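These notes are about the structure you will find just below.
The values are calculated or read from the model by the stated rules, or taken from the named source; none is laboratory data. This structure is a prediction, so every number in the text was calculated from the model and none was measured. Neighbour counts are summed over all protein chains in view; Cβ atoms, including those assigned to glycine, are modelled from backbone coordinates with ideal geometry. These area figures cover heavy atoms from the full protein model, side chains too; ligands, DNA and RNA do not enter into them. Shrake-Rupley method; radii C 1.70, N 1.55, O 1.52, S 1.80 Å.
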Amino acid sequence: MKHIPMALLDFLLSTDVESTYIADLFTVTLTNGLVLYATDGQLPIHFGGKTFLPSRWGAWHVTGTTCDLGPMSASAEFEVFSDSEELLPNWNISLNEAAQLGLFDAATILIQTVYMPDVWDDTALGAVIRFGGQITTFTPIGRTTLKGEAKPFTFTLNQNMPRKLLQPSCGWTLGDSGCTVKLANFTFPNAVGAGTSNIVIVPSTAFAQADGYYTQGRITFTSGANNGLSGYIQSHLGGNLRLSRPFPFPVAVGDTFNATAGCDHTMLTCQQKFSNLIPGGLPNNFGGHPFIPNKETFI
């Protein structure tokens, strides 16, 4: 159900609504914290202490919203018309390039509609929350046009059942609510050293942890062109980190990053590396079933 302030609802039910300016407001938050405020109106709109711009981040337009099978199957579709002149902060690339590099993956979007009686930018009546959720696709379909789709956060409830499978290895994600490991206790800062390539990170200061500690872990840059972006560590060998895929921007010597330990989802690692078992060796927050029979092998 859409949220409508009472003052705005009373206005919409009145005859005064016939002479009203209407515009959609877009609040897009990327995973690195960058927030874009856009509107499909022809002039800037001030609302909630923010300024929504009509062209700086491209011309945004909602093409449709649906809820065919209830909230878990709802969606919003939108298009963005953008040229290459305005560059995103920090990355210095256009909106189209950012979409091609996947920088809008998992970004959140809030779409609100404002009604401005008689005077443009008079948003005192509040706004109707038209849609809120996560961008699932956002791809260029031309030199200046992008098309996107978003799903409400409830789409994550679309899971196969049973949700928990009986398997020897742990099904939790390291640090989630099932695992409960405090990632801050296993995350350490460092910087990029000489000899780094686009796929192998050489630390400027040797890691205090032995090889393998960061295998299947995560690296997050805290400065440089990739500031705020994260990637997965394929292996930690010879004191260096090999990534599962290169970052979208060049990695420079001196760029700082945080490296987080990896987990192979075995009970031994849960006990010895993360101390996540209760005394006596019985599983506490370990999400696997190590004592069930393994699959039979046929010859």
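Looking across segment 251-269, just one residue is surrounded by 19 or more Cβ atoms within 10 Å (Cβ to Cβ) and in contact with a Pro (Cβ under 6 Å, 6 or more places away or on another chain), and that is Met267.
Would you pick out the residues in segment 228-275 that are closer than 12 Å to Val192 by Cα and among the polar types (S, T, N, Q)?
Matches in segment 228-275: Asn240, Thr256, Asn258.
The condition (being over 21 Å from Asn90 (Cβ atoms) and at pLDDT 90 or above) is satisfied by just one residue among Thr256, Thr222, Thr260: Thr260. As a summary of the residue check, Asn158 satisfies the conditions (1) closer than 30 Å to Val80 by Cβ; (2) open to solvent by 70 Å² or more (accessible area, probe 1.4 Å); (3) at pLDDT 90 or above except for the one numbered (3). For segment 94-120, a residue qualifies if it is under 21 Å from Ser230 (Cβ atoms) and surrounded by fewer than 19 Cβ atoms within 10 Å (Cβ to Cβ), and the qualifying residues are Glu97, Gln100, Leu101, Gly102, Asp105, Ala106, Thr108.
Residue pairs whose Cβ atoms lie under 6 Å apart, sitting 6 or more positions apart in sequence or on different chains, and linking a residue in segment 106-132 that is under 23 Å from Thr29 (Cα atoms) to a partner that is part of a loop (DSSP other than H, G, I, E, B), are Ala106/Thr31; Ala107/Leu30; Val114/Thr123; Gly126/Pro5; Val128/Lys2; Val128/Ile4; Ile129/Lys2; Ile129/His3.
Restricted to strands (runs of 3 or more DSSP E) entirely inside segment 108-201, those with at least 3 residues that are hydroxyl-bearing (Ser, Thr, Tyr) are 108-117, 127-140.
Please determine whether any residue of segment 216-226 is of a type in the set (Phe, Trp, Tyr), crowded, with 17+ Cβ neighbours inside 10 Å and free of Cβ contacts under 8 Å to residues at least 60 places away in the same chain. Within segment 216-226, one or more residues are of a type in the set (Phe, Trp, Tyr), crowded, with 17+ Cβ neighbours inside 10 Å and free of Cβ contacts under 8 Å to residues at least 60 places away in the same chain.
Here's the yes/no breakdown for (1) assigned to a loop (DSSP other than H, G, I, E, B); (2) open to solvent by 50 Å² or more (accessible area, probe 1.4 Å); (3) at pLDDT 90 or above:
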position: Phe249; (1), (2), (3): yes, no, yes
position: Gln271; (1), (2), (3): no, yes, no
position: Gly288; (1), (2), (3): yes, no, no
position: Lys295; (1), (2), (3): yes, yes, no
position: Ile299; (1), (2), (3): yes, yes, no
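The single condition among (1) modelled with pLDDT of 95 or more; (2) assigned to a loop (DSSP other than H, G, I, E, B); (3) not hydroxyl-bearing (Ser, Thr, Tyr) that Arg56 does not meet is (1). Restricting attention to segment 228-241 and to residues that are more than 14 Å from Thr260 (Cβ to Cβ) and in contact with an Asp or Glu (Cβ under 8 Å, 6 or more places away or on another chain), the residue that is most open to solvent (accessible area, probe 1.4 Å) turns out to be Leu237.
Can you confirm whether segment 79-91 contains a residue that is in contact with an Asp or Glu (Cβ under 6 Å, 6 or more places away or on another chain), modelled with pLDDT of 85 or more and either in a loop (DSSP other than H, G, I, E, B) or open to solvent by 50 Å² or more (accessible area, probe 1.4 Å) (or both)? Within segment 79-91 (the criterion being in contact with an Asp or Glu (Cβ under 6 Å, 6 or more places away or on another chain), modelled with pLDDT of 85 or more and either in a loop (DSSP other than H, G, I, E, B) or open to solvent by 50 Å² or more (accessible area, probe 1.4 Å) (or both)), the answer is no, since none of the residues qualifies.
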